[in-house]
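Everything below concerns the one structure shown next.
The values are calculated or read from the model by the stated rules, or taken from the named source; none is laboratory data. Fair warning: this is a prediction, and the values are worked out from it, not measured in the lab. No Cβ is skipped: glycine too gets one built from the backbone with ideal geometry, and neighbour counts run over all protein chains shown. Accessible surface is based on the protein model in full, side chains and every heavy atom, while ligands, DNA and RNA are left aside. Shrake-Rupley method; radii C 1.70, N 1.55, O 1.52, S 1.80 Å.
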Amino acid sequence: MKKTILTGIRPTGNLHLGHYFGACKTWLTLQDNYDFFLEIADVQALTDNFHQPDKINKSVYELTSDLLSIGIDPEKVHIFIQSQIPEIAELTVFYSNLVTMSRLYRNPTVKNEIAQKKAIFGSSGESVTYGFVGYPVSQTADITAFDGELVPVGEDQLPLIEQCREIVRKFNSIYGSTLKEPEPLLSKNPRIKGLDGNEKMGKSLGNAIYLIDTEEQVKEKIMSAVTDPNKIRKDDTANPDVCMVYYYHKIIDNPNLETVCQECKMGQRGCVACKKELIERMNEFLDPIRKKKEYYRNHPEEVKQILDNGTKIAKEKAQETIKKVKTSMKINY
Ligand code: TRP
Ligand code: SF4
């Protein structure tokens, strides 16, 4: 029997290199050997985008076709839409009794995200909603609805998995052994930095390369990427370790990396030429993805069918779980 993997992604926009190298690339290696559920977490996305339903709706299809374009195989991975599985919402309600408010507020992931909101929105960031503070509970429902055993996540999500495990233990101790306690599968790749040198690549930070960016967009973005500020002239020596162009040569596995590094250090490489090489290699990497994306753009019915199929399989599994849970909780009338 294959082990079950469950992971989720919020549909708030297109995939960028940060998603790809930080998470999705690992998923591609896992899809052969596990029973893999991949949740398009639209309900979770709405926790902080509830006033933008159109954006989330459109992103569900965009994100799914991005995932297919990078090689997620719908024959192997059940891609499904969270909102279409009401059992997840039911579990969320049941679990909400098993967690205290203070424990939620203490969750480092939630705490950080609230702090970020305050930093961005000022005092209006104070008005965090019940749904937002409670999202570790609904994420616990996401995982346990499918008996997720392994949960591939980045480091920032570890406190959520820990909280999920606590809820599962509490549930089992009160209602009898029912739920599986999941393990995190920590992504090997650290967070991918932005073109501007920011520790994080993100849409809101405006420093991302999207997998479906055009050649022209990629060129523009890389040409304005941050390099070693001490290098003024073409033949100045420089430090590639502080240069985002070098960082991306590394990320995309440039076979010529050692030469880039040496030439940069010895002042034998100009930044413009160096950027041009990166642009070419980046476009080579993105081209097959763009072509597939184009295909799915022209075949939206296929994307819809894939989501319908995945959601159907996910629903069957969630229904089994909810039956067990209701029996344990003595609410199976
Ligand atoms: N919270 C995750 C993120 O923002 C996405 C997510 C939703 C998820 N449901 C999940 C991750 C279940 C793992 C398991 O990246
Ligand atoms: Fe960066 Fe290349 Fe310029 Fe060196 S030569 S600073 S690696 S862009």
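Could you grab the pairs with beta carbons closer than 6 Å, sequence gap of 6+ or different chains, first residue in the range 260-283 and within 10 Å of ligand 2 (Cβ to nearest atom), second one aliphatic (A, V, I, L, M)?
C264/A238; C274/V245; K275/I222; K275/M223; K275/V245; L278/I222; L278/V245
Please name all residue pairs, on different chains or six or more residues apart, with Cβ atoms under 9 Å, provided the first residue is in the range 7-27 and is open to solvent by less than 30 Å² (accessible area, probe 1.4 Å) and the second residue is in a loop (DSSP other than H, G, I, E, B) and within 16 Å of ligand 2 (Cβ to nearest atom).
H16/I209; L17/I209; L17/I252; G18/K193; G18/G194; G18/I209; F21/I252
Taking the range 55-89 only, how many residues are more than 25 Å from Y295 (Cβ to Cβ) and either over 15 Å from the mean Cα position of the chain (by Cα) or within 16 Å of ligand 2 (Cβ to nearest atom) (or both)?
6
Can you pull out the residues in the range 123-168 that are closer than 22 Å to D35 by Cα, touching a Lys or Arg at 6+ places or on another chain (Cβ under 8 Å) and without any contact (Cβ under 8 Å) to a residue 40 or more places away in the chain?
Correct list: V168 only.
Does any residue of the range 241-259 turn out to be over 18 Å from the mean Cα position of the chain (by Cα), of a type outside the set (D, E), surrounded by fewer than 15 Cβ atoms within 10 Å (Cβ to Cβ) and over 23 Å from I70 (Cβ atoms)?
Going through the range 241-259, the residues over 18 Å from the mean Cα position of the chain (by Cα) turn out to be 241-250, 252-259.
Then drop every residue that is not of a type outside the set (D, E), which leaves 242-250, 252, 254-257, 259.
Filter once more, keeping what is surrounded by fewer than 15 Cβ atoms within 10 Å (Cβ to Cβ): 250, 255-257, 259.
Of the ones still in play, those that are also over 23 Å from I70 (Cβ atoms) are 256, 259.
Scanning the range 241-259 turns up at least one residue that is over 18 Å from the mean Cα position of the chain (by Cα), of a type outside the set (D, E), surrounded by fewer than 15 Cβ atoms within 10 Å (Cβ to Cβ) and over 23 Å from I70 (Cβ atoms).
Is it true that N189 is part of a loop (DSSP other than H, G, I, E, B) and within 16 Å of ligand 1 (Cβ to nearest atom)?
So N189 passes the test.
Looking only at the range 11-50, filter to residues that are of a type in the set (D, E, K, R) and farther than 24 Å from R290 by Cβ; which one of those is modelled with the lowest pLDDT?
Among those that are of a type in the set (D, E, K, R) and farther than 24 Å from R290 by Cβ, it is D48.
What are the residues in the range 169-189 that are under 20 Å from F37 (Cα atoms) and open to solvent by less than 20 Å² (accessible area, probe 1.4 Å), if any?
L179, P182
Any residue at all in the range 294-317 that's under 18 Å from V218 (Cα atoms) and either open to solvent by 70 Å² or more (accessible area, probe 1.4 Å) or not charged (D, E, K, R) (or both)?
Yes, some residue in the range 294-317 is under 18 Å from V218 (Cα atoms) and either open to solvent by 70 Å² or more (accessible area, probe 1.4 Å) or not charged (D, E, K, R) (or both).
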